[in-house]
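Below you'll find the structure, written out as structure tokens, and then a few comments.
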Amino acid sequence: MSDLLTGDIRSWLRSNARGHANAKPRRLLLAHLLYLGHALPKSDPDRAMRKAYESMEDVGSCAKGIFLVVTAEDRRIAGVQLHGHALAELVREKRVKDGAEAGEQGNLF
């Protein structure tokens, strides 16, 4: 991940989305990054942008969009969102495993 890209993400969040009450849709950040000339892959620029900020500890998300974490409440809200996504993936993983064990997939090869 480029330091310039993460710096521009952090700068935009500081100016536009400080705290969960000011969360903004990801598409606005993406449009800004493309305007600045960041070379995000044309096939899926949103995914590349999310990959860039996923390891930034001060970036959170909620139903309204993404935001810069500035308070303990912001961190709690971001954690709830992450927990929900993680739990959904675990449920999906269990269904895939259970389907394979029950023979629902049939012969794969």
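Readers should treat all values here as calculations from the given coordinates under stated rules, not as data from a laboratory. Source: prediction; values computed, not measured. Here Cβ is always computed from backbone atoms with ideal geometry, including for glycine, and neighbour counts include all displayed protein chains.
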Counting other Cβ atoms within 10 Å of each Cβ, which trypsin sites (Lys or Arg not before Pro) in segment 1-81 have at most 11 and sit in a DSSP loop? LYS42
Which residues' amide hydrogens lie under 5 Å from the amide hydrogen of VAL59, considering only partners 5 or more residues apart or on another chain, with H built in the peptide plane? VAL69
Which of (1) 31; (2) 52; (3) 41 is the computed percent of Cα pairs over 23 Å apart? It is (3)
Can you give the net charge of the other residues whose Cβ lies under 13 Å from the Cβ of ARG50, counting K and R as +1 and D and E as -1? +1
For segment 15-79, shape from the Cα gyration tensor axes a ≥ b ≥ c, cut at a/c of 1.5 then a/b versus b/c, turns out prolate
If amide hydrogens are placed 1.01 Å from N in the peptide plane, which non-local residues have theirs closer than 5 Å to the one on ILE66? LYS24, ARG26
Through the Karplus equation 6.51 cos²θ - 1.76 cosθ + 1.60, θ set to phi - 60°, convert the phi angles of segment 45-62 into ³J(HN,Hα) values in whole Hz; use x for Gly and Pro. x, 5, 5, 5, 5, 4, 4, 5, 9, 5, 9, 7, 5, 9, 10, x, 9, 8
May I ask you to compute the full-extension gain from ARG18 to LEU4, defined as 0.36 nm times their residue separation minus their alpha-carbon distance, rounded to one decimal in nm? 3.1 nm
